[in-house]
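The values are calculated or read from the model by the stated rules, or taken from the named source; none is laboratory data. Keep in mind it's a predicted model, so treat the numbers as computed, not measured. For neighbour counting, all protein chains shown are included, and Cβ atoms are generated from backbone atoms with ideal geometry for every residue, glycine included. In case anyone asks, the SASA skips ligands and DNA or RNA and just uses the protein heavy atoms, side chains included. Shrake-Rupley method; radii C 1.70, N 1.55, O 1.52, S 1.80 Å.
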Amino acid sequence: MKGFNKEVKIGIAGVIALFLLIYGINYLKGISLFKPTRHFYVQFEDINGLTKSSPVFADGFKVGIVSNLEYDYVHPGNVVAEIDVDPSLRIPKGSTAELQSDLLGSVKLNLLLANNPREKVAYGDTIIGSMNEGALGKAAAMIPTLEKMLPKLDSIMVSLNNILADPAIPATLHNIESLTASLNNNSRQLERMMREEIPQLTGKLNVIGDNFVAISSNLKQIDYAATMGKVDETLAHVQEITAKLERKDNTIGLLLNDPSLYNNLNQTAINASSLLNDLQAHPKRYVHFSVFGKKDKAQKP
């Protein structure tokens, strides 16, 4: 009896240990033995490394796991993933699933829930799945392009090294530094001018503006009609004087329009010039004088 009791205890301990082992393995896989689940099927053309116990997410929240993977021999080229999700999750009809890889290479299944509040996917139905390449897929697609660009990048690097080795580069950098210092100095001078001289210029402009206002008020007071009348009267007098100058019935008109008067004056000027020349050449003809005076004739005895 004692031996039987010992064997029973060993058996019970073995069953408990086996149960704990199975529970621990499933727990590590994310499978809860005591939590109820509902299963659906997702059909993929390529599972891209999806494995059993991979997590299932909906809106970024884990709602289940992949419980099984089977190849669809009835429809070759397809793989069916059986997923167990929380029974509280309602999957609207029209929802899809996608596989997404992270940077570490692990694959997860995302449920893309549709906006259909009236109809839902029944338990055991099949959902259409697709592959979301993500950042890794885009990077892989860029690899051929990068391979073509590598020779060009090498040429660019060689050209860049040649440019940097040019001795003119330090001189250019020094010139840029000097130019930057000059610009800073000019900026400070401009700032000082804006701070000190602009207010003075503004004050002068205000004074000029006030003067213009005063001039405008003075111009408003001028009688333009009377002024223009005087101008017209002056112009009439000028026209009258001009007309008289063109006629010969007045002294100034005769002087300006009679050619004989001009000829007589010209001849008189010529005669006067000739007389002056003769006077300079023969002054004794016109002037008689004696140093001692005129001698008196001798008186008769």
Out of (1) at pLDDT 80 or above; (2) in contact with a Ser or Thr (Cβ under 7 Å, 6 or more places away or on another chain), what's the single condition that is false for PRO151? (2)
Would you confirm whether any residue within the range 7-14 is at pLDDT 85 or above, open to solvent by 100 Å² or more (accessible area, probe 1.4 Å) and not polar (S, T, N, Q)? no
Does LEU103 satisfy being open to solvent by 60 Å² or more (accessible area, probe 1.4 Å) and at pLDDT 85 or above? no
Selection from the range 166-192 of residues that are hydrophobic (A, V, I, L, M, F, W, C) and open to solvent by 80 Å² or more (accessible area, probe 1.4 Å): LEU173, ILE176, LEU179, LEU183, LEU190
List every residue pair whose Cβ atoms sit under 7 Å apart, with the two residues 6 or more apart in sequence or on different chains, where the first one lies in the range 211-239 and is on the phi > 0 side of the Ramachandran plot and the second, anywhere, is assigned to a helix (DSSP H, G or I) and modelled with pLDDT under 80. none
Determine, yes or no, whether LEU205 is open to solvent by 90 Å² or more (accessible area, probe 1.4 Å) and of a type outside the set (Ser, Thr, Tyr). yes
How many residues of the range 90-100 are charged (D, E, K, R), surrounded by fewer than 17 Cβ atoms within 10 Å (Cβ to Cβ) and closer than 18 Å to GLN43 by Cβ? The answer is 1
Would you be able to tell me the number of residues in the range 51-67 that are within 23 Å of LYS120 (Cα to Cα), touching a strand residue (DSSP E or B) at 6+ places or on another chain (Cβ under 7 Å) and open to solvent by 20 Å² or more (accessible area, probe 1.4 Å)? 5
So GLU70 ticks every box in (1) touching a strand residue (DSSP E or B) at 6+ places or on another chain (Cβ under 7 Å); (2) open to solvent by 80 Å² or more (accessible area, probe 1.4 Å); (3) assigned to a loop (DSSP other than H, G, I, E, B); (4) more than 17 Å from ASN132 (Cα to Cα) but one. Which box is left unticked? (3)
Output the number of the condition that GLU82 fails; it satisfies all remaining conditions of (1) over 30 Å from LEU20 (Cβ atoms); (2) surrounded by 15 or more Cβ atoms within 10 Å (Cβ to Cβ). (1)
Would you check if SER67 is touching a residue at least 24 places away in the same chain (Cβ under 8 Å), more than 17 Å from SER106 (Cβ to Cβ) and hydroxyl-bearing (Ser, Thr, Tyr)? yes
Hits in the range 107-124 (condition: outside any strand (DSSP E or B), surrounded by 10 or more Cβ atoms within 10 Å (Cβ to Cβ) and either in contact with a Lys or Arg (Cβ under 6 Å, 6 or more places away or on another chain) or in contact (Cβ under 8 Å) with a residue 12 or more places away in the chain (or both)): LEU113, ALA114, ASN116, GLU119, VAL121, TYR123, GLY124
